[in-house]
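Structure record follows, encoded as structure tokens.
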Ligand code: NDP
């Protein structure tokens, strides 16, 4: 019996909301609140006859802490699920602290305005001391640890697939398969085809910022940064086939480097087709990926936001996308003194997702873990005061929930390794 406030009603949130409504014995009441209330109302109307979960809706600007506090105090939820954008992480965490409510999200904090001098000064110092230059990192949210501990509240960070499930896979491997993990390769393959020359599978602004940034990996206690897309490998993915994949910086590497004792190397690879990369390079070269506002005929526009308006809405890709995703982690290490390898992964079919929730697999593979993370918090399985990433909790009930609600894991004890 729980009352949950869900902020955001985009591609990922609409899957998470539908999954919550499938578990109505736990999610008895939800309020969907977002910037555009009509989207919340449309989804609520679509779900009304299909669930016993009582759904209400609200309009909120999640950049505004006072508006959030007013909404949280009037709805009185046990948990706030932040499935808006990473830009809103800190304001929503502040509001949760002010109202004494647990918090969770699917991606770590990133500022919307990367030219803000105050933020920039801290960022540039971090680039120097830490050795990676991504605009997002955990430091902003880890800074809330003491406040959440003192308030007796839990904040769960990054309960999507990657970050999220990939970290649970690491915790699971450490708990059940290894005494010592030496290397982790996280492999994110999207074998889906939507038929457009160029489109992104989730929020274009967040997605394009991520993939056009320098890549980096963790090795022997420090970050190694490389130019964007400069390390390429081919991997033969089960039920997808051979794909080119590229080494990217990814947020879970930062937490895993701290939470997996003695790990020597952590890398993240994502598959991209040549057409996607050519389009992206061209857009980058002409300045369309810039987040710095320009003045155009008397109006200020942000190029990447304008590009977002031109590209297909990721939420509309569902009916067109065919093929499968295959995402997981390959480990090397030792068990009982002997060397060992292990691969744990999930395969998800775009069309099956569409049949179930009218969405493609990228939103599905993020929305289901968001619901499962909330389930862990609401059923008391993952409650400890403070701010935590997924691998800091017992992976077993989470992976069990993922198995049950649409993302079953598979494993191999003799995987092909990435060189
Ligand atoms: P969308 O752009 O589809 O949806 C974002 C939603 O947030 C929209 O409903 C939007 O409202 C709302 N929103 C944006 N700004 C505000 C605001 N100031 N106040 C209130 N609501 C706001 O994004 P996605 O669904 O693709 O992504 C959602 C989150 O999931 C992101 O944080 C993304 O980084 C993360 N993600 C995580 C993954 C993982 O594996 N961990 C993978 C993919 C995504 P409006 O309709 O008005 O625009």
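The values are calculated or read from the model by the stated rules, or taken from the named source; none is laboratory data. Here the structure is a predicted model, which is why all the values come from computation and not from measurement. Cβ placement follows ideal geometry from the backbone for every residue including glycine, while neighbour counts extend to all protein chains displayed.
Couple of notes before you dig in:
- Matching option when the condition is in the same structural domain as residue 185 (by TED's automatic domain parsing) and not in a helix (DSSP H, G or I), among 383, 346: 346
- Of all residues in segment 143-162, at least one satisfies being within 21 Å of the chain's Cα centre (by Cα), under 23 Å from residue 216 (Cβ atoms) and more than 9 Å from the ligand (Cβ to nearest atom).
- From the list 374, 291, the one residue that fits, being away from the ligand (no atom under 12 Å from the Cβ), assigned to a helix (DSSP H, G or I) and under 22 Å from the mean Cα position of the chain (by Cα), is 374.
- Test: residue in segment 83-95 that is over 18 Å from residue 390 (Cβ atoms), in the same structural domain as residue 141 (by TED's automatic domain parsing), more than 10 Å from the ligand (Cβ to nearest atom) and buried (at least 24 other Cβ atoms within 10 Å of the Cβ): yes
- Among the residues listed as 178, 136, the single one being within 14 Å of the ligand (Cβ to nearest atom) and either touching a strand residue (DSSP E or B) at 6+ places or on another chain (Cβ under 8 Å) or under 20 Å from residue 224 (Cβ atoms) (or both): 136
- Whichever residue in segment 350-371 is more than 16 Å from residue 323 (Cα to Cα) and more than 10 Å from the ligand (Cβ to nearest atom) and, among such residues, is surrounded by the fewest Cβ atoms within 10 Å (Cβ to Cβ): 357
- Check on residue 45, in contact (Cβ under 8 Å) with a residue 24 or more places away in the chain and under 26 Å from residue 1 (Cβ atoms): no
- Within segment 1-78, strands (runs of 3 or more DSSP E) holding 3 or more residues that are surrounded by 17 or more Cβ atoms within 10 Å (Cβ to Cβ) and near the ligand (Cβ under 10 Å from one of its atoms): 27-34
- Residue match in segment 230-251 (condition: assigned by TED's automatic domain parsing to the domain that holds residue 184 and part of a helix (DSSP H, G or I)): yes
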